[in-house]
Every structure is written in structure tokens, then in C-alpha cells.
Amino acid sequence: MPPNASLAPADPIAAVTHADPYPYYRDLASTRPFYFDPALKLWVAASAAAVAEVLDHADGRVRPAAQPVPPSLAGSAAGDLFGRLIRMNDGVAHAPLKAIVARQMAALDLSDARSRARALAAALPRVDHDDAHEANRWMFTLPVLAIADLLGLPLERDTDGHVSTRVAGFVATFAAAMSPLASPADVEAGVAAAQWLTRLAQTAEDRETADIGVLAALAQAGGDSKMDPATLTANAIGLMIQSCEATAGLIGNTLVYLGRSDWQGADIGASVDRVARIDPPVQNTRRFMAADAMLCGQQVKEGDAVLVLLAAAAHDPSSAAEERAWTFGAGRHGCPGDALARVLATCTVDALLARDVHPDRLAAGVRYRPSVNARIPSFSSNN
Ligand code: HEM
């Protein structure tokens with residue numbers, strides 16, 4: 001059993017960063033499939049059936065009606081970017097663009113993505129002897145650079161051919177500013193990051209280039225459907241933002257899993273798939289009711305919020321045989337990047353192992369980054 005795992009989490013939010021939340025999730029899924037938590041002021045969906053029902057419900061919205069953008073970001077470049085993301089919209093601001101994004105993602109050649117990610121890994125030097133430092137750095141860097149490359153964004157290289165990680169730094173900064181735990185300084189940095197990323201994407205769009213990356217393909221498809229170019233640019237950047245923390249979590253949790261098993265010679269792709277189910281990076285998401293409704297047999301009211309426990313659904317004893325990776329969501333907002341995320345996570349873990357990072361050293365004293373929904377290890381060097 002992992003360290004400090006004996007005390008059950010206080011609530012489903014604390015479960016996200018708990019050493020071993022899975023017995024607690026299993027218990028919720030079987031004994032309290034859908035309930036109201038008065039302290040959190042949230043309905044909680046825990047069983048696989050309840051999670052599926054909430055995510056499929058027509059009145060379940062991804063943002064509160066009165067708050068399309070978090071107040072901390074509203075009125076800034078970061079708020080503008082946030083408010084345009086398909087992930088944060090419903091109805092007409094979501095469906096047509098989601099169809100375009102999903103089509104582009106489905107059309108990606110994953111073996112090409114794999115080769116490009118490997119080439120990028122070769123252009124990222126190991127900068128530190130410390131395994132923990134390297135793992136923390138790579139999990140937030142390589143997948144984002146790989147997506148920037150697929151988008152067709154220019155990646156700077158130094159004279160040695162090493163690729164600059166700057167774009168990944170700005171993406172991580174923006175992703176951190178979106179968290180409800182963000183400080184005013186995090187938000188300020190997020191605004192600067194949003195401006196930088198938007199400029200980068202616009203510059204790339206303006207170039208007359210024969211290299212048709214996903215960005216150009218999105219702009220083309222969106223232009224054909226007469227969509228607002230700023231919204232298309234935002235959603236291209238959104239692909240990097242969406243993938244950043246979640247893929248970092250998938251990589252980190254895979255390293256922990258390998259570190260606690262017989263990792264030498266392990267099948268990394270299969271380990272990533274297993275971790276996506278059993279120790280998932282995105283543990284929950286939320287829905288906000290746009291109308292009074294019957295939900296999972298209960299009367300819920302307009303404005304009520306529902307915490308959707310994807311990680312509990314994955315451990316629901318009544319659907320354990322399903323082997324489904326609930327961490328990628330379901331229904332109309334389901335993740336269009338799941339196959340790419342698995343490829344990039346596998347490449348990143350492979351690259352770290354090839355650089356002699358030892359997962360057993362990392363797993364010894366893992367802690368989790370503070371988060372209300374993402375389970376992302378923070379490896380520390382004194383192990
Ligand atoms: C391990 C990695 C990832 C995980 C666990 C993950 C998980 C999720 C989840 C749970 C959602 C739905 C949220 C909700 O319904 O409330 C989502 C949406 C989304 N994801 Fe991912 N994701 C990952 C990687 C990626 C990657 C690599 C991309 C693209 C390059 C991506 C693009 C998106 C987009 C565009 C949406 C919004 C879809 C919509 O709202 O219709 N994700 N993701």
C-alpha cells in the first residue's frame with residue numbers, strides 16, 4: 001500500500017490528491033451512487049451509471065449560466081481565450097466546432113505523431129542528474145511541444161539543435177491560471193501567457209506555408225463554415241492547454257505505477273492504458289444544471305452543480321469488467337484527444353527510461369500537486 005494511504009479522504013475533492021483514494025471511490029460507487037454533499041454544496045455522481053447519466057443529460061452545462069468565464073480571468077486576454085474554448089461552451093458555441101476539432105483529431109496519423117514526438121525527445125537534452133527534476137520537467141514539456149509541432153507552430157532551436165521549451169512553459173502557465181486554486185500572481189502570469197500564445201498562433205497562421213499542420217487545417221475547415229478566426233485560433237491553442245496537465249498526470253501516474261512494479265522490460269503502452277483506467281489523471285469534472293430536472297432518480301434544481309467522479313466510475317465494482325477509461329470523459333464533451341494522449345504519454349515515458357530515469361526512485365515518496373480535479377505527481381529529489 002502506498003504511504004499515508006490508511007486514512008480515507010475527507011471528501012471527493014480531497015480524494016484527487018490522496019495517496020490511495022480507490023477503496024473510498026469504490027465504496028462511494030456502490031453505496032452512494034448519487035448524493036448531495038451539503039458541505040461541498042455539490043451533488044456527487046459516483047457510480048458508472050450515474051456518471052454516464054449526468055454527462056449525457058441535456059441540461060448539464062460545463063459552466064454555471066451566470067459565469068461563462070471565472071471572475072478572476074474575466075475581462076482579460078486569458079478570459080477571452082478561456083471563453084472561446086469548446087471545452088467551456090455548450091450548444092451552438094460548442095457542437096459545430098467540436099465536430100471540426102474531433103474530425104481533425106481523428107484524422108491525425110498517430111504513427112507520424114509518434115515519430116515526431118520521438119524526434120523532439122531527441123532534441124531535448126537531459127539537463128539535470130536528478131531523476132525527479134527530469135521527470136517533472138519532461139511530463140509538462142514533451143507532449144505540449146509535440147502538439148505544437150503537430151499544429152504547425154514554429155519551434156525555436158538553439159545552435160546545437162536543441163528545441164526551446166518556451167511554448168510549453170507558457171501553456172503550463174495558462175493552464176495553472178485556469179485552476180480555482182490560482183493565486184492573483186498565477187492569473188497575471190496566465191494573462192501574459194494567453195497573449196504570447198495567441199500571438200504565436202496568429203503569426204503561424206499568417207505565414208504562407210505549404211506545411212499544413214492541424215492549425216492550418218482547422219483554419220481552413222472553420223473558414224469554410226464561416227467561423228470566427230479568433231475562436232479557431234483559441235481552440236488550436238486549446239489543444240495544447242487541454243492536453244498539458246492531463247497528459248502530464250498520465251505520464252507521472254504511469255511512472256509511479258512502473259516504479260511500484262517490475263518495470264524493467266515492461267510494455268509501456270500497455271502500462272499507460274492500464275494507468276488511464278486504474279490511476280487516472282483527470283479524476284472528476286463538473287456539470288451545472290440549466291433547468292430543474294430528474295437526475296439519477298433525484299430532483300435537482302436549476303443552478304445546482306454536480307461533481308462527476310470519473311475515477312469512481314472507473315472503480316465501480318458493478319462495472320469493473322467494462323475496462324473503460326472514464327478519465328477521458330463521455331458524451332458530447334468527451335475528449336477528442338485520448339488516442340493522441342496515450343501515444344504522447346508512451347513516448348515521454350519511453351524517452352525518460354531511455355535517459356536512465358528510474359521509476360522506482362521516483363515512486364518512493366510521491367506527493368501530488370494541489371488540484372481539485374487532476375491527479376499529477378510532483379516528484380521530489382530527496383528520494
Ligand atoms: C491523459 C490525457 C487527457 C485526459 C485525461 C483528458 C481528459 C479530458 C476530459 C475528461 C474531457 C472532458 C471534460 C468534461 O466533459 O467536462 C476532455 C475534453 C477535451 N480534451 Fe482531453 N484529455 C487528455 C488529453 C487531451 C489531448 C492530448 C487533447 C488534444 C490534443 C485533448 C483535447 C481535449 C478537448 C479539445 C476537449 C474538449 C472537448 C469538448 O468540450 O467537447 N485532451 N479531455
Run down the aspartates and glutamates and flag those whose C-alpha is under 15 Å from the C-alpha of Lys41, throwing out any fewer than 8 positions away in its chain. Asp11, Glu302, Asp304
Once each part is reduced to its C-alpha centroid, what is the distance from the stretch 141-200 to the stretch 41-76 in angstrom? 27 Å
What trypsin sites (Lys or Arg not before Pro) in the stretch 273-321 are in a loop by DSSP, with at most 12 other Cβ atoms within 10 Å of the Cβ? Lys301
For the chain, what is the accessible area per residue in Å², given a 1.4 Å probe and the full set of protein chains? 43 Å²
What does the charge dipole of the chain about its Cα centre add up to, to the nearest 20 debye, if the Cβ of each Lys and Arg holds +1 and the Cβ of each Asp and Glu holds -1? 320 debye
Treat every Asp and Glu Cβ in the stretch 1-66 as -1 and every Lys and Arg Cβ as +1, leave all other atoms uncharged, and give the resulting dipole magnitude about the Cα centre to the nearest 20 debye. 120 debye
As a percent rounded to 5, the proportion of antiparallel DSSP bridges among beta bridges in the chain is 85 percent
Taking only C-alpha pairs under 8 Å that are 6+ residues apart, what is the relative contact order of the stretch 189-298 in percent? 21 percent
With charges set only on the Cβ (+1 for Lys and Arg, -1 for Asp and Glu), what does the dipole of the stretch 252-309 come to about its Cα centre, in debye to the nearest 20? 60 debye
Would you grab the residues whose amide H sits under 5 Å from the one on Leu295? Only those 5+ places off in sequence or on another chain, please, with H modelled 1.01 Å from N. Val300
So what's the gap between the Cα centers of the stretch 343-383 and the stretch 263-315, to the nearest angstrom? 22 Å
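When you count, for each residue, the other Cβ atoms within 10 Å and take the mean per peptide, how do 75-85, 259-269, 133-143, 25-35 rank with the highest first? Please list the in-between numbers first.
Values: 75-85: 20.8, 259-269: 13.5, 133-143: 23.7, 25-35: 18.9.
In descending order of packing, they fall as 133-143, 75-85, 25-35, 259-269.
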Taking the highest mean first, how do the peptides 344-350, 112-118 order by number of other beta carbon atoms within 10 angstrom per residue? 344-350, 112-118
Averaging the inverse of every distinct alpha carbon separation and then flipping it gives the Kirkwood radius. What is it for the stretch 215-349, in angstrom units? 17.2 Å
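Between Glu322 and Ala123, what is 0.36 nm times their sequence separation minus the Cα-Cα distance? Round to one decimal in nm.
Once the chain is fully extended between Glu322 and Ala123, it gains 67.7 nm.
Counting residues in the chain as N, plug N into 2.2 N^0.38 Å and put the Cα Rg over that result.
Taking the Cα Rg and dividing by 2.2 N^0.38 Å, one obtains 0.96.
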Which lysines, if any, have their Cα less than 30 Å from the Cα of Lys226, not counting same-chain residues under 8 positions apart? Lys98
Taking r as the C-beta separation of Ala192 and Ala65 and R0 as 45 Å, the FRET efficiency to the nearest 0.05 is 0.90
May I ask you to derive the FRET efficiency for Glu156 and Asp11 from their Cβ-Cβ distance with R0 = 35 Å, giving the value to the nearest 0.05? 0.20
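Could you order peptides 48-54, 195-201 by the average number of other Cβ atoms within 10 Å of their residues, highest first?
Peptide ranking by packing, descending: 48-54, 195-201.
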For the stretch 1-50, compute Rh as the Kirkwood radius over C-alpha pairs and then the Stokes-Einstein diffusion coefficient at 25 °C and 0.890 mPa s; write the answer in µm²/s, rounded to an integer. 216 µm²/s
Quick one: which residues, 5+ away or cross-chain, put their amide H under 5 Å from the amide H of Arg61? H built at 1.01 Å from N. Phe288, Met289, Ala290
Candidates Thr203, Thr233, Thr159: whichever shows maximal mean-square fluctuation once the chain is modelled as a Gaussian network with Cα springs under 10 Å: Thr159
How high is the FRET efficiency between Ser378 and Arg103 when r is their beta carbon distance and R₀ equals 35 Å, given to the nearest 0.05? 0.45
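The values are calculated or read from the model by the stated rules, or taken from the named source; none is laboratory data. None of these values were measured; they are calculated from a predicted model. As a convention, Cβ positions derive from the backbone with ideal geometry for all residues, glycine included, and neighbour counts pool all protein chains shown. In case anyone asks, the SASA skips ligands and DNA or RNA and just uses the protein heavy atoms, side chains included. Shrake-Rupley method; radii C 1.70, N 1.55, O 1.52, S 1.80 Å.
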